[in-house]
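Working notes, structure below.
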Amino acid sequence: MQQSTNSILMIRPINFRMNEQTAINNYYQEALDLKNAEINKKAQFEFDVYVEKLKSHGVEVIVISDTVDFDTPDSLFPNNWISFHEDGTVAFYPMFAENRRHERREDILDILEENGFLIENVVDYSSAEEEQIFLEGTGSLLLDRVNRKAYCALSPRADEELFIEFCEDFEYTPVVFTANQSVDGKRKPIYHTNVMMCLAETFAVICLDTIDDKQERKSVVKHLKENNKQIIEITEHQVNHFAGNMLQVKGKNEERFLVMSQAAFDCLTQTQIQQITKHCKIISSSLETIETCGGGSARCMMAEVFLPKI
C-alpha cells in the first residue's frame, strides 16, 4: 500500500472559463475581464507548462484532451469525478454542478487500459445526484491510503452519509469535520477538503483555523499524530492562495515531490518551506488563470492512478 504514486491522469482543457454553476459555493472563483477564448488559451498554456514540469521530474503524466461534446469548463479538474485504487477498483462520484456531470467519461478507462493499467471493478456513486447528494472524489475525500483513514470536510459538495458509505465500501476509517472560511463576514463551509488540507506520506499541510469546532479540530490532530504525520500549519490567508491544494507525487527513482502552484509557493513562509523540504522537494508552476477562473489549483488538476500495471 502506498500513499503517493508516479502515475497521474490530467485532462487538457478546450473550453475552460469561469463556471457559473460552481461559483455558487466556490468562493475562490473570480471573473476575468477577458474573452472566454483568451481565458482558455491562457489556461492551456499554464496546463502545458505544468505537465512538462511534472514530466521533467520523472512523473508519468497521462494527458487526455477534453471533448467538444459537452460544455465542460471545469474538465481540467478530473480528481472530483474519478478515483483509482490499488486493488484495480475505479470509483465515479456525484457532482454538484450539472455541467460537471458531463466530465465523467467511460472512454478514459479504455485509455488507461491501453496504457497498461488493470481495471477490475467500477463502483459508481453518481446516481446519488438524483437525490441532490454529492461527494466530489478526492476533492471531498482525503485518503490516507496506508493507514486506511479518509478525511472529509462536510459541505454542499460532501455528504456525510455517502462519505460513510464510501468508507465502508473501500474499508477506510472516516474522519469527519467541517471547515469554514470567512465570506463577507460570515463563516461558510469550504467547498472541498483538499483546499484546506494536503496529506503526504510523513506530513500533513493543514489550516486548523478553518475547523471552528474545537472537538473536531482535536480529533483531526489526534488522527494525524496517531499516524506520525508532522503537522505543518497554514493560515486562512494562505488557503486563499491555494497553499492547501498540494499533492505529493513520485518522480524518477521513487523520489518524492510536493506539487503546488506558484501562488501557493509564494505565500509560504521560509519556516514552512523548510518544514516541507525536510520531507521532499517542491515543484511549483504558475496557474494564475486556472486558479482565478476555476477556483481550483495544482492538486485538483491531478487524478492519481494507483491501479496495478498489467
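Results, tabulated for the structure shown:
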| item | result |
| --- | --- |
| Residue in segment 136-156 that is over 28 Å from residue 228 (Cα atoms) and under 18 Å from the mean Cα position of the chain (by Cα) present | yes |
| Count of residues meeting criterion [in contact with a Lys or Arg (Cβ under 6 Å, 6 or more places away or on another chain) and small (Gly, Ala, Ser)] in segment 34-87 | 2 |
| In segment 170-210, residue surrounded by the fewest Cβ atoms within 10 Å (Cβ to Cβ) [restricted to those that are in contact (Cβ under 8 Å) with a residue 60 or more places away in the chain and more than 26 Å from residue 275 (Cα to Cα)] | 183 |
| Enumerated helices (runs of 4 or more DSSP H) restricted to segment 98-186, each holding at least 3 residues that are under 25 Å from residue 67 (Cβ atoms) | 107-114, 137-140 |
| Residues of segment 236-272 that turn out to be aromatic (Phe, Trp, Tyr) and free of Cβ contacts under 8 Å to residues at least 40 places away in the same chain, as a count | 1 |
| Subset of segment 279-301 (residues that are surrounded by fewer than 24 Cβ atoms within 10 Å (Cβ to Cβ) and either within 22 Å of residue 199 (Cα to Cα) or modelled with pLDDT of 95 or more (or both)) | 279, 280, 281, 282, 283, 284, 285, 286 |
| From 255, 226, 236, residue being under 24 Å from residue 294 (Cα atoms), among the charged types (D, E, K, R) and at pLDDT 95 or above | 236 |
| Failed item, numbered, when residue 44 is tested on (1) over 19 Å from residue 126 (Cβ atoms); (2) surrounded by fewer than 23 Cβ atoms within 10 Å (Cβ to Cβ); (3) modelled with pLDDT under 90; (4) of a type outside the set (A, V, I, L, M) | (3) |
| Condition check for residue 20: more than 17 Å from the chain's Cα centre (by Cα) and at pLDDT below 95 | yes |
| Any hit, segment 231-238, residues being closer than 25 Å to residue 183 by Cβ, surrounded by fewer than 21 Cβ atoms within 10 Å (Cβ to Cβ) and of a type in the set (Ser, Thr, Tyr) | yes |
| Qualifying residue in segment 67-81 (condition: touching a strand residue (DSSP E or B) at 6+ places or on another chain (Cβ under 9 Å), surrounded by fewer than 22 Cβ atoms within 10 Å (Cβ to Cβ), modelled with pLDDT of 85 or more and not in a loop (DSSP other than H, G, I, E, B)) | no |
| Pair list, Cβ < 9 Å and 6+ apart or interchain, from segment 154-168 residues that are within 17 Å of residue 144 (Cβ to Cβ) to residues that are hydroxyl-bearing (Ser, Thr, Tyr) and outside any strand (DSSP E or B) | 158/140; 158/191; 158/193; 163/140; 166/93; 166/125; 166/172 |
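The values are calculated or read from the model by the stated rules, or taken from the named source; none is laboratory data. The structure displayed is predicted, hence computed values, not measured ones. When we count neighbours, we look across all protein chains shown, and the Cβ atoms used for this are built from the backbone with ideal geometry, even at glycine.
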